Amino acid sequence: MCTRAIFVPFSEAVEPEMGPLMELGGVQYLFRFDKDDASSLEIPGEWPAPDLIRDFRSKGVSGLVVFTSGSTGKPKGILHDCDRLAKKFSEVRKAYRTLVFLLFDHFGGFNTMLSVLSFGGTIVVPDGRTPQQVARVVAEARVELLPVTPTLLNLMIASGAGTEYDLSSVELITYGTEVMPEATLKKVAALAPDARLQQTYGLSELGVLRSRSENSDSLWVKVGGAGFETRVVDDILYVRSESAMIGYLNAPSPFDEEGWMCTGDRVEQRGEYLRILGRESEEINVGGQKVFPAEVETALLEAGNIDDATVYGEAHKLMGAVVMARIKLHEPEDPTALRARLRKHCLARLAPYKVPVRFQITTDEQHSKRYKKQRPSAPTAPSET
């Protein structure tokens, strides 16, 4: 940070998109590092810096630019003040041997790296991102802190990687970036009984809030801490943050006049604790009744012989939308019997309108390169059981 440069990290996952993203960020120099740590310098282009970056440079402080995934449209460039972000880590905390699974070019991965280095910990970088590769590196390097996504944890369980390797060194498992199905949380708690499980919460625009789970097998979490304020309006979480971004490079500010941002996350509230139900944009409105995918996915993951499940909505002329499910089986099963079994199982746990009307069996992965659940919005010609 002493150079007062503006850092724009990229990973191999976004190589095909780097040109437009570098132009958006006004990147002047591109440093590439190979697997042997050899580096090279390129001058990618003579792109003008966005107005926001030109104004920011006059402050003489270091910056960070990250990009949203662009799942609902063109990616947004997010500019942060690195000095402001680092302030959160001024208080000395325990140093862990930490596996870095979240990629550096998204805010969660950068936050993890900054945390480990600030507290004098050790960064452990896996040589791959499959469940088996992650579990093997955890065992070999005796990793103590494992910050991952719920999707990765579920796949570690489904693949058997969680029991194939010795994970007894892990003291703390943190999970975030998406809603954790309760069924997965229970399985992780059973798999690593000596580890503490902690839900994290943050947005690229706001930073990562301090969090404390009610207990390891609970989805109720207290979020906030120094530099953050939270409030709930009409069951939607709003956050005001001292470490909030400077702004978007290519979009209007999402903050109101008092600095509050609507996160879009619908929550339940119980005293100081919240339960994150899911993004408002992912709600399935079935005849006026709201369905949250994670609740239905939990029921399916408890049904037996289900390695993964993705629940989403599909437009319906009469109901507005209906619930659909893509499932990945552990062992082959008769499709007709499977559909009857899953419907019976779900009806015993869910209101009828929450039960999927169609089950699509797939062998495809149901997550992005960042191991976050991908929900199809309008699948074409699904194979029905």
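FYI, it's all coordinate maths here, none of it is from the lab. All values derive from a computational prediction rather than experimental measurement. Methodologically, a virtual Cβ is constructed for each residue, glycine included, from the backbone with ideal geometry; neighbour enumeration extends over all protein chains shown.
Per-structure values
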item	result
Segments 355-363, 242-250 sorted - mean Cβ within 10 Å per residue, highest first	242-250, 355-363
Amide H within-cut-off set for Thr174, under 5 Å, with H built and near neighbours excluded	Leu146, Val148, Gln198
At R0 = 41 Å, FRET efficiency that the Cβ-Cβ distance of Asp36 and Ala86 yields, to 0.05	0.90
Cross-link pairs Lys76/Lys317; Lys222/Lys369; Lys76/Lys369; Lys88/Lys373; Lys74/Lys354 - those with Cα-Cα distance over 26 Å	Lys76/Lys317; Lys222/Lys369; Lys88/Lys373; Lys74/Lys354
Relative contact order computed over the stretch 208-323 (Cα-Cα under 8 Å; 6+ residues apart), in percent	17
Label zone at Val125 (point 7 Å along Cα-to-Cβ), backbone N below 19 Å, the stretch 25-43	30-42
Convex hull of Cα atoms in the stretch 125-166, direction-averaged projection (nm²)	2.7
Ala321 long-range amide H proximity, modeled H, under 5 Å	Gly287, His316
For the stretch 85-92, Karplus couplings with θ = phi - 60° (6.51, -1.76, 1.60), whole Hz, Gly/Pro x	5, 5, 4, 4, 9, 6, 7, 5
Under the Debye formula (equal points on every Cα, no solvent term), log10 I(q)/I(0) of the chain at q = 0.07, 0.09 Å⁻¹	-0.34, -0.57
Inter-centroid distance (Cα atoms) of the stretch 1-70 relative to the stretch 266-321, Å	37
Stokes-Einstein D (µm²/s) once Rh is taken as the Kirkwood radius of the stretch 150-193 over alpha-carbon pairs, at 10 °C in 1.306 mPa s	147
Stokes-Einstein D for the stretch 283-361, Kirkwood Rh over Cα pairs, 25 °C, 0.890 mPa s (µm²/s)	196
Neighbour-limited loop hits for trypsin sites (Lys or Arg not before Pro), the stretch 61-100 (at most 16 other Cβ within 10 Å; DSSP other than H, G, I, E, B)	Arg93, Lys94
Length-normalised contact order of the chain in % [C-alpha pairs under 8 Å, at least 6 apart]	11
Where GluC sites (Glu not before Pro) fall in DSSP loop in the stretch 76-155, at most 14 other Cβ within 10 Å	Glu91
Restricting the stretch 59-136 to chymotrypsin sites (Phe, Trp or Tyr not before Pro) in coil, as DSSP defines it, with at most 15 other Cβ within 10 Å	Phe119
Inter-probe distance in nm under a simple model that places probes 7 Å from Cα toward Cβ, at Ala321 and Thr362	1.7
Computed [θ] at 222 nm, deg cm²/dmol, the chain (DSSP H ≥ 4; -39,500 (n - 2.57); rounded to nearest 500)	-6500 deg cm²/dmol
Pairwise centroid distance, computed over Cα atoms, of the stretch 77-142 with the stretch 162-219, Å	15
